[in-house]
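The values are calculated or read from the model by the stated rules, or taken from the named source; none is laboratory data. All of these numbers come straight from a predicted model, not from anything done at the bench. Methodologically, a virtual Cβ is constructed for each residue, glycine included, from the backbone with ideal geometry; neighbour enumeration extends over all protein chains shown.
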Amino acid sequence: MKKGYFGNYGGRFVPETLIPALQELDQAFRDASHDAGFKEELRLLQQTYIGRPTPLYFASRLTERLKGAKVYLKREDLCHTGAHKLNNALGQAMLAKVMGKKRIIAETGAGQHGVATATGASITGLECDIYMGTEDMRRQALNVFRMKLLGARVIEVNKGSKTLKDAINESLRDWTTNVTDTHYVLGTVFGPHPFPTIVKYFQSVIGREARKQIIKAENRLPDYLIACVGGGSNAMGLFNAFLKDKVGMVGVEAGGEGIRSGKHAARFAGGSVGVFQGCKSYLLQDRDGNVLSTHSVSAGLDYASVGPEHAFLHDSKRVRYTYATDKEALRAFELLPEVEGIIPALESAHAIAEAVKLAPGLSKKDIIIVNLSGRGDKDVQHVARIKGTEI
Ligand SMILES: *Cc1c(COP(=O)(O)O)cnc(C)c1O
(Lines give C-alpha, C1' and ligand atoms only; values in the text may rest on other atoms or scores of the structure.)
Protein backbone atom coordinates (compact mmCIF):
# COMPACT_ATOMS: atom_id res chain seq x y z
CA MET A 1 0.00 0.00 0.00
CA LYS A 2 1.16 3.55 -0.76
CA LYS A 3 2.69 5.20 2.32
CA GLY A 4 0.12 7.13 4.28
CA TYR A 5 -2.74 5.47 2.45
CA PHE A 6 -5.26 2.78 3.31
CA GLY A 7 -6.12 1.55 -0.16
CA ASN A 8 -7.37 4.69 -1.92
CA TYR A 9 -7.95 6.60 1.27
CA GLY A 10 -5.95 8.84 3.56
CA GLY A 11 -3.01 10.81 2.24
CA ARG A 12 -1.86 14.31 3.03
CA PHE A 13 -4.06 17.00 1.54
CA VAL A 14 -2.57 20.03 3.28
CA PRO A 15 -0.84 23.29 2.35
CA GLU A 16 2.84 22.93 1.42
CA THR A 17 3.85 24.75 4.64
CA LEU A 18 2.62 21.86 6.78
CA ILE A 19 4.51 19.07 5.03
CA PRO A 20 7.79 19.49 7.01
CA ALA A 21 5.83 19.37 10.30
CA LEU A 22 4.08 16.17 9.25
CA GLN A 23 7.39 14.63 8.19
CA GLU A 24 9.02 15.56 11.50
CA LEU A 25 6.04 14.10 13.38
CA ASP A 26 6.15 10.91 11.33
CA GLN A 27 9.85 10.40 12.09
CA ALA A 28 9.47 11.20 15.81
CA PHE A 29 6.54 8.80 16.07
CA ARG A 30 8.45 6.01 14.37
CA ASP A 31 11.44 6.54 16.66
CA ALA A 32 9.26 6.61 19.79
CA SER A 33 7.30 3.52 18.80
CA HIS A 34 10.61 1.61 18.60
CA ASP A 35 12.04 3.10 21.77
CA ALA A 36 11.88 0.77 24.78
CA GLY A 37 12.09 3.69 27.22
CA PHE A 38 9.18 5.57 25.64
CA LYS A 39 7.06 2.43 25.51
CA GLU A 40 7.74 1.58 29.14
CA GLU A 41 6.91 5.11 30.28
CA LEU A 42 3.67 4.96 28.27
CA ARG A 43 2.77 1.54 29.69
CA LEU A 44 3.34 2.73 33.24
CA LEU A 45 1.17 5.84 32.82
CA GLN A 46 -1.53 3.79 31.10
CA GLN A 47 -1.55 1.54 34.13
CA THR A 48 -1.13 3.99 37.00
CA TYR A 49 -2.76 7.13 35.58
CA ILE A 50 -5.41 6.12 33.03
CA GLY A 51 -6.33 2.97 34.97
CA ARG A 52 -5.48 0.27 32.42
CA PRO A 53 -6.18 -2.46 31.72
CA THR A 54 -9.86 -1.56 31.73
CA PRO A 55 -12.09 -4.54 32.61
CA LEU A 56 -13.84 -6.75 30.09
CA TYR A 57 -17.20 -7.25 31.80
CA PHE A 58 -19.67 -10.05 31.03
CA ALA A 59 -23.05 -8.30 30.90
CA SER A 60 -25.10 -11.27 32.10
CA ARG A 61 -28.36 -9.39 32.68
CA LEU A 62 -28.20 -7.67 29.29
CA THR A 63 -27.43 -11.08 27.76
CA GLU A 64 -30.46 -12.57 29.52
CA ARG A 65 -32.65 -9.73 28.31
CA LEU A 66 -31.56 -10.10 24.68
CA LYS A 67 -31.96 -13.91 24.66
CA GLY A 68 -29.13 -14.63 22.25
CA ALA A 69 -25.36 -14.15 22.08
CA LYS A 70 -23.30 -13.48 25.20
CA VAL A 71 -22.52 -9.77 25.46
CA TYR A 72 -19.26 -8.49 26.95
CA LEU A 73 -18.50 -4.80 27.53
CA LYS A 74 -14.99 -3.37 27.19
CA ARG A 75 -15.07 -0.75 29.92
CA GLU A 76 -13.33 2.29 28.40
CA ASP A 77 -15.83 4.34 30.41
CA LEU A 78 -13.62 3.55 33.40
CA CYS A 79 -10.58 5.34 31.94
CA HIS A 80 -9.51 8.51 33.77
CA THR A 81 -11.61 11.43 32.43
CA GLY A 82 -14.38 9.00 31.46
CA ALA A 83 -13.60 7.77 27.96
CA HIS A 84 -11.02 6.26 25.60
CA LYS A 85 -9.89 9.71 24.42
CA LEU A 86 -7.13 10.01 27.04
CA ASN A 87 -5.35 6.95 25.57
CA ASN A 88 -4.55 9.09 22.55
CA ALA A 89 -4.21 12.53 24.15
CA LEU A 90 -1.74 11.28 26.76
CA GLY A 91 0.27 9.36 24.15
CA GLN A 92 0.52 12.40 21.89
CA ALA A 93 1.41 14.71 24.80
CA MET A 94 4.29 12.33 25.63
CA LEU A 95 5.30 12.33 21.97
CA ALA A 96 5.29 16.17 21.94
CA LYS A 97 7.53 16.15 24.97
CA VAL A 98 10.00 13.76 23.29
CA MET A 99 9.99 16.06 20.24
CA GLY A 100 11.04 18.96 22.49
CA LYS A 101 7.80 20.90 22.00
CA LYS A 102 6.70 23.33 24.71
CA ARG A 103 3.06 23.61 23.82
CA ILE A 104 0.22 21.43 22.58
CA ILE A 105 -2.96 22.59 20.89
CA ALA A 106 -6.17 20.81 20.00
CA GLU A 107 -9.63 21.39 18.63
CA THR A 108 -12.70 20.31 20.49
CA GLY A 109 -16.40 20.07 19.71
CA ALA A 110 -18.29 18.89 22.75
CA GLY A 111 -15.18 19.43 24.85
CA GLN A 112 -14.24 15.80 25.55
CA HIS A 113 -11.07 15.84 23.46
CA GLY A 114 -10.20 19.26 24.87
CA VAL A 115 -10.47 17.93 28.41
CA ALA A 116 -8.36 14.87 27.54
CA THR A 117 -5.69 17.03 25.87
CA ALA A 118 -5.64 19.51 28.77
CA THR A 119 -5.20 16.53 31.09
CA GLY A 120 -2.31 15.20 28.98
CA ALA A 121 -0.71 18.66 29.02
CA SER A 122 -1.07 18.94 32.77
CA ILE A 123 0.79 15.74 33.61
CA THR A 124 3.53 16.27 31.04
CA GLY A 125 4.02 19.93 32.00
CA LEU A 126 3.21 21.37 28.57
CA GLU A 127 1.35 24.58 27.79
CA CYS A 128 -2.05 23.95 26.27
CA ASP A 129 -4.42 25.95 24.04
CA ILE A 130 -7.77 24.51 22.99
CA TYR A 131 -9.74 25.87 20.03
CA MET A 132 -13.50 25.72 20.42
CA GLY A 133 -16.37 27.22 18.44
CA THR A 134 -18.41 29.95 20.14
CA GLU A 135 -21.57 27.88 19.75
CA ASP A 136 -19.93 24.80 21.31
CA MET A 137 -18.52 26.90 24.18
CA ARG A 138 -22.01 28.04 25.01
CA ARG A 139 -23.44 24.49 24.88
CA GLN A 140 -20.55 22.93 26.80
CA ALA A 141 -19.81 25.53 29.45
CA LEU A 142 -18.98 22.85 32.01
CA ASN A 143 -16.20 21.39 29.85
CA VAL A 144 -14.82 24.88 29.20
CA PHE A 145 -14.51 25.34 32.96
CA ARG A 146 -12.91 21.88 33.30
CA MET A 147 -10.25 22.73 30.72
CA LYS A 148 -9.48 25.97 32.54
CA LEU A 149 -9.11 24.09 35.84
CA LEU A 150 -6.65 21.81 34.07
CA GLY A 151 -4.54 24.83 33.19
CA ALA A 152 -5.50 25.14 29.52
CA ARG A 153 -6.49 28.29 27.65
CA VAL A 154 -9.71 27.97 25.65
CA ILE A 155 -9.63 30.04 22.46
CA GLU A 156 -13.00 31.02 21.07
CA VAL A 157 -13.58 30.46 17.33
CA ASN A 158 -16.23 32.90 16.19
CA LYS A 159 -16.20 31.95 12.49
CA GLY A 160 -18.29 29.90 10.06
CA SER A 161 -20.68 27.59 11.88
CA LYS A 162 -18.81 28.36 15.15
CA THR A 163 -18.45 24.62 15.81
CA LEU A 164 -15.98 21.76 15.45
CA LYS A 165 -14.94 22.09 11.81
CA ASP A 166 -14.12 25.77 12.25
CA ALA A 167 -12.12 24.92 15.37
CA ILE A 168 -10.13 22.34 13.34
CA ASN A 169 -9.34 24.96 10.68
CA GLU A 170 -8.09 27.37 13.35
CA SER A 171 -5.94 24.68 15.00
CA LEU A 172 -4.33 23.88 11.65
CA ARG A 173 -3.66 27.59 11.10
CA ASP A 174 -2.06 27.89 14.55
CA TRP A 175 0.06 24.79 13.95
CA THR A 176 1.30 26.13 10.60
CA THR A 177 2.48 29.33 12.32
CA ASN A 178 3.93 27.87 15.52
CA VAL A 179 5.17 24.47 14.43
CA THR A 180 8.68 24.86 15.89
CA ASP A 181 7.48 24.75 19.51
CA THR A 182 3.93 23.37 19.12
CA HIS A 183 2.40 19.94 18.54
CA TYR A 184 -1.16 19.56 17.30
CA VAL A 185 -2.99 16.76 19.15
CA LEU A 186 -5.57 15.49 16.68
CA GLY A 187 -8.40 13.71 18.47
CA THR A 188 -9.27 10.77 16.25
CA VAL A 189 -8.01 8.52 13.43
CA PHE A 190 -8.46 11.31 10.91
CA GLY A 191 -6.58 14.13 9.17
CA PRO A 192 -3.34 14.05 7.17
CA HIS A 193 -0.84 11.19 7.45
CA PRO A 194 0.59 10.27 9.98
CA PHE A 195 -2.28 11.22 12.33
CA PRO A 196 -4.58 8.25 11.56
CA THR A 197 -1.66 5.88 12.17
CA ILE A 198 -0.51 7.61 15.38
CA VAL A 199 -3.98 7.70 16.92
CA LYS A 200 -4.54 4.05 16.01
CA TYR A 201 -1.25 3.17 17.67
CA PHE A 202 -2.24 4.80 20.97
CA GLN A 203 -5.81 3.41 20.91
CA SER A 204 -4.84 -0.15 19.93
CA VAL A 205 -4.23 -0.95 23.57
CA ILE A 206 -8.03 -1.44 23.80
CA GLY A 207 -8.10 -4.41 21.41
CA ARG A 208 -4.84 -5.91 22.67
CA GLU A 209 -6.29 -6.07 26.17
CA ALA A 210 -9.71 -7.27 25.02
CA ARG A 211 -8.12 -10.11 23.04
CA LYS A 212 -6.23 -11.39 26.09
CA GLN A 213 -9.23 -10.89 28.35
CA ILE A 214 -11.73 -12.77 26.19
CA ILE A 215 -9.29 -15.66 25.70
CA LYS A 216 -8.89 -15.83 29.48
CA ALA A 217 -12.66 -15.71 30.08
CA GLU A 218 -13.90 -17.92 27.21
CA ASN A 219 -10.80 -19.65 25.93
CA ARG A 220 -11.55 -18.39 22.42
CA LEU A 221 -11.94 -15.30 20.25
CA PRO A 222 -15.28 -13.45 20.02
CA ASP A 223 -17.64 -13.80 17.06
CA TYR A 224 -18.40 -10.09 16.79
CA LEU A 225 -17.00 -6.74 17.83
CA ILE A 226 -19.21 -3.66 17.91
CA ALA A 227 -18.07 -0.05 18.29
CA CYS A 228 -19.52 3.36 17.52
CA VAL A 229 -17.78 5.41 14.83
CA GLY A 230 -17.37 9.16 15.03
CA GLY A 231 -13.93 9.78 13.57
CA GLY A 232 -13.38 6.12 14.34
CA SER A 233 -10.68 5.95 17.01
CA ASN A 234 -12.36 3.78 19.65
CA ALA A 235 -13.49 1.41 16.87
CA MET A 236 -9.99 1.17 15.30
CA GLY A 237 -8.58 0.73 18.80
CA LEU A 238 -10.77 -2.31 19.39
CA PHE A 239 -10.74 -3.76 15.85
CA ASN A 240 -7.01 -3.54 15.13
CA ALA A 241 -5.94 -6.54 17.23
CA PHE A 242 -8.53 -8.78 15.51
CA LEU A 243 -8.26 -7.75 11.84
CA LYS A 244 -6.40 -10.91 10.84
CA ASP A 245 -8.82 -13.20 12.70
CA LYS A 246 -12.16 -14.66 11.73
CA VAL A 247 -14.04 -12.14 13.83
CA GLY A 248 -17.04 -10.16 12.55
CA MET A 249 -16.90 -6.41 13.07
CA VAL A 250 -19.60 -3.77 13.07
CA GLY A 251 -19.04 -0.01 13.09
CA VAL A 252 -22.05 2.04 14.15
CA GLU A 253 -22.51 5.58 12.88
CA ALA A 254 -25.01 8.22 13.97
CA GLY A 255 -28.28 7.70 12.09
CA GLY A 256 -29.77 10.85 13.66
CA GLU A 257 -33.36 11.28 12.53
CA GLY A 258 -32.90 8.76 9.71
CA ILE A 259 -31.00 8.81 6.41
CA ARG A 260 -33.86 10.24 4.34
CA SER A 261 -34.31 13.16 6.74
CA GLY A 262 -30.78 14.33 5.87
CA LYS A 263 -30.27 14.93 9.59
CA HIS A 264 -27.62 12.37 10.42
CA ALA A 265 -23.88 11.66 10.35
CA ALA A 266 -23.93 8.28 8.56
CA ARG A 267 -21.08 8.82 6.13
CA PHE A 268 -21.22 5.33 4.64
CA ALA A 269 -25.00 5.14 4.26
CA GLY A 270 -25.40 8.72 3.05
CA GLY A 271 -22.01 9.99 1.85
CA SER A 272 -19.52 9.66 -0.98
CA VAL A 273 -15.77 9.85 -1.46
CA GLY A 274 -14.16 13.24 -1.05
CA VAL A 275 -11.28 15.20 0.47
CA PHE A 276 -11.83 17.08 3.73
CA GLN A 277 -9.52 18.49 6.39
CA GLY A 278 -6.38 16.77 5.23
CA CYS A 279 -7.39 13.35 3.93
CA LYS A 280 -9.50 11.42 1.45
CA SER A 281 -12.39 9.41 2.84
CA TYR A 282 -16.16 9.15 2.83
CA LEU A 283 -17.82 12.50 3.30
CA LEU A 284 -21.30 13.97 3.58
CA GLN A 285 -21.34 16.44 0.68
CA ASP A 286 -23.71 17.77 -1.95
CA ARG A 287 -23.25 17.30 -5.70
CA ASP A 288 -20.94 20.30 -5.91
CA GLY A 289 -18.72 18.96 -3.14
CA ASN A 290 -19.98 21.34 -0.45
CA VAL A 291 -19.76 19.70 2.95
CA LEU A 292 -23.21 19.14 4.43
CA SER A 293 -24.23 19.95 7.97
CA THR A 294 -24.74 16.91 10.17
CA HIS A 295 -26.90 15.96 13.09
CA SER A 296 -26.73 13.50 15.96
CA VAL A 297 -28.07 13.42 19.48
CA SER A 298 -24.47 12.60 20.43
CA ALA A 299 -21.87 15.32 19.81
CA GLY A 300 -18.96 12.87 19.53
CA LEU A 301 -20.43 11.19 16.45
CA ASP A 302 -21.54 14.40 14.76
CA TYR A 303 -18.89 14.92 12.06
CA ALA A 304 -19.11 15.07 8.26
CA SER A 305 -16.26 12.64 7.50
CA VAL A 306 -14.74 9.46 8.91
CA GLY A 307 -11.25 8.03 9.37
CA PRO A 308 -9.67 6.86 6.08
CA GLU A 309 -8.87 3.37 7.35
CA HIS A 310 -12.57 2.85 8.00
CA ALA A 311 -13.24 3.82 4.36
CA PHE A 312 -10.80 1.11 3.34
CA LEU A 313 -12.30 -1.48 5.71
CA HIS A 314 -15.74 -0.55 4.38
CA ASP A 315 -14.85 -1.01 0.71
CA SER A 316 -12.95 -4.25 1.35
CA LYS A 317 -16.01 -5.45 3.34
CA ARG A 318 -13.82 -6.42 6.30
CA VAL A 319 -16.06 -4.35 8.58
CA ARG A 320 -19.82 -3.87 8.23
CA TYR A 321 -20.97 -0.29 8.83
CA THR A 322 -24.43 0.48 10.00
CA TYR A 323 -26.12 3.21 12.02
CA ALA A 324 -28.37 3.67 15.02
CA THR A 325 -30.89 6.49 15.06
CA ASP A 326 -31.18 9.03 17.87
CA LYS A 327 -34.25 7.17 19.12
CA GLU A 328 -32.50 3.79 19.17
CA ALA A 329 -29.48 5.28 20.95
CA LEU A 330 -31.69 6.97 23.54
CA ARG A 331 -33.45 3.66 24.20
CA ALA A 332 -30.08 1.94 24.71
CA PHE A 333 -28.97 4.83 26.94
CA GLU A 334 -31.86 3.94 29.26
CA LEU A 335 -31.62 0.17 28.91
CA LEU A 336 -28.03 -0.22 30.09
CA PRO A 337 -28.41 1.49 33.50
CA GLU A 338 -31.68 -0.38 34.03
CA VAL A 339 -30.23 -3.86 33.52
CA GLU A 340 -26.51 -3.41 34.21
CA GLY A 341 -26.19 -0.31 36.41
CA ILE A 342 -24.00 1.45 33.85
CA ILE A 343 -24.89 4.81 32.25
CA PRO A 344 -23.18 4.85 28.84
CA ALA A 345 -22.09 7.88 26.85
CA LEU A 346 -24.62 8.66 24.10
CA GLU A 347 -21.91 7.74 21.57
CA SER A 348 -21.43 4.32 23.18
CA ALA A 349 -25.22 3.91 23.35
CA HIS A 350 -25.15 3.67 19.53
CA ALA A 351 -22.97 0.55 19.86
CA ILE A 352 -25.28 -0.88 22.53
CA ALA A 353 -28.25 -0.23 20.20
CA GLU A 354 -26.58 -2.41 17.55
CA ALA A 355 -25.98 -5.19 20.10
CA VAL A 356 -29.70 -5.04 20.90
CA LYS A 357 -30.42 -5.71 17.20
CA LEU A 358 -27.69 -8.29 16.60
CA ALA A 359 -27.61 -10.49 19.71
CA PRO A 360 -31.18 -11.94 19.62
CA GLY A 361 -30.60 -13.51 16.18
CA LEU A 362 -27.40 -15.29 17.25
CA SER A 363 -26.90 -18.51 19.19
CA LYS A 364 -26.33 -18.58 22.95
CA LYS A 365 -22.80 -19.82 22.27
CA ASP A 366 -21.88 -16.74 20.23
CA ILE A 367 -19.87 -13.96 21.83
CA ILE A 368 -20.10 -10.22 21.19
CA ILE A 369 -17.73 -7.60 22.57
CA VAL A 370 -19.16 -4.07 22.64
CA ASN A 371 -16.76 -1.19 23.17
CA LEU A 372 -18.24 0.98 25.89
CA SER A 373 -16.21 3.99 24.78
CA GLY A 374 -17.27 6.37 27.55
CA ARG A 375 -19.49 7.04 30.52
CA GLY A 376 -22.73 8.94 30.30
CA ASP A 377 -22.47 11.46 33.11
CA LYS A 378 -21.78 14.18 30.54
CA ASP A 379 -25.04 13.35 28.75
CA VAL A 380 -27.47 12.97 31.63
CA GLN A 381 -28.63 16.59 31.56
CA HIS A 382 -28.99 16.56 27.77
CA VAL A 383 -31.12 13.41 27.84
CA ALA A 384 -33.24 14.71 30.72
CA ARG A 385 -34.00 17.81 28.65
CA ILE A 386 -34.97 15.70 25.61
CA LYS A 387 -37.32 13.72 27.84
CA GLY A 388 -38.81 16.96 29.15
CA THR A 389 -37.43 16.62 32.67
CA GLU A 390 -36.03 19.82 34.16
CA ILE A 391 -32.87 19.29 36.24
C1 LIG B 1 -15.35 11.24 21.09
C2 LIG B 1 -16.07 10.04 21.46
C3 LIG B 1 -16.43 9.08 20.50
C4 LIG B 1 -16.20 9.25 19.03
O5 LIG B 1 -14.87 9.29 18.63
P6 LIG B 1 -14.15 8.07 17.92
O7 LIG B 1 -12.89 8.66 17.41
O8 LIG B 1 -15.06 7.59 16.82
O9 LIG B 1 -13.94 7.02 18.92
C10 LIG B 1 -17.06 7.92 20.94
N11 LIG B 1 -17.34 7.72 22.24
C12 LIG B 1 -17.03 8.63 23.18
C13 LIG B 1 -17.38 8.34 24.59
C14 LIG B 1 -16.39 9.82 22.84
O15 LIG B 1 -16.08 10.71 23.78
Quiz item: Would it be correct to say that Glu107 is surrounded by fewer than 18 Cβ atoms within 10 Å (Cβ to Cβ) and either in contact with a helix residue (DSSP H, G or I) (Cβ under 8 Å, 6 or more places away or on another chain) or within 17 Å of Ser348 (Cβ to Cβ) (or both)?
Solution: no
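Rundown of residues vs (1) modelled with pLDDT of 95 or more; (2) more than 20 Å from Gly230 (Cβ to Cβ); (3) outside the structural domain of Gly256 (by TED's automatic domain parsing); (4) away from the ligand (no atom under 15 Å from the Cβ), yes/no style:
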residue: Gly300; (1), (2), (3), (4): no, no, no, no
residue: Thr325; (1), (2), (3), (4): yes, no, no, yes
residue: Ala332; (1), (2), (3), (4): yes, no, no, no
residue: Pro337; (1), (2), (3), (4): yes, yes, no, yes
residue: Glu354; (1), (2), (3), (4): yes, no, no, no
Practice problem: Just give me the residues in segment 183-233 being crowded, with 21+ Cβ neighbours inside 10 Å, over 18 Å from Gly374 (Cβ atoms) and among the small types (Gly, Ala, Ser), in sequence order. | Solution: Gly191
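How about segment 96-151: which helices (runs of 4 or more DSSP H) wholly inside it have at least 1 residues that are over 20 Å from the mean Cα position of the chain (by Cα) and of a type in the set (Asp, Glu)? I'd like the intermediate steps shown before the answer.
Working: elements: 112-124, 134-139, 141-149.
Counting at least 1 such residues, we get 134-139.
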Quiz prompt | Cβ pairs under 9 Å, 6+ apart, first in segment 157-177 and on the phi > 0 side of the Ramachandran plot, second of a type in the set (Lys, Arg) | solution = Lys162/Arg138
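Take segment 111-130 and flag every residue that is of a type outside the set (S, T, N, Q) and away from the ligand (no atom under 16 Å from the Cβ). Break it down stepwise before answering.
If we filter segment 111-130 for residues that are of a type outside the set (S, T, N, Q), which is where we start, we get 111, 113-116, 118, 120-121, 123, 125-130.
Passing the criteria: Ala121, Ile123, Gly125, Leu126, Glu127, Cys128, Asp129.
Name the residues in segment 110-125 that are without any contact (Cβ under 8 Å) to a residue 60 or more places away in the chain, buried (at least 24 other Cβ atoms within 10 Å of the Cβ) and of a type outside the set (Ser, Thr, Tyr), would you?
In the first step, residues of segment 110-125 are kept if they are without any contact (Cβ under 8 Å) to a residue 60 or more places away in the chain; the result is 111, 114-115, 118-119, 121-122, 124-125.
After this cut, where a residue has to be buried (at least 24 other Cβ atoms within 10 Å of the Cβ) as well, the list is 111, 114-115, 118-119, 121.
Correct list: Gly111, Gly114, Val115, Ala118, Ala121.
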Quiz item: When you scan segment 273-302, how many residues do you find that are over 22 Å from Asn169 (Cα atoms) and outside any loop (DSSP other than H, G, I, E, B)?
Solution: 0
Quiz item: Mind checking whether some residue in segment 54-69 is at pLDDT 95 or above, of a type in the set (Ser, Thr, Tyr), closer than 26 Å to Ala351 by Cβ and assigned to a loop (DSSP other than H, G, I, E, B)?
Solution: yes
Quiz item: Of the residues Gly231, Gly191, which single one is near the ligand (Cβ under 8 Å from one of its atoms) and either touching a residue at least 12 places away in the same chain (Cβ under 8 Å) or part of a helix (DSSP H, G or I) (or both)?
Solution: Gly231
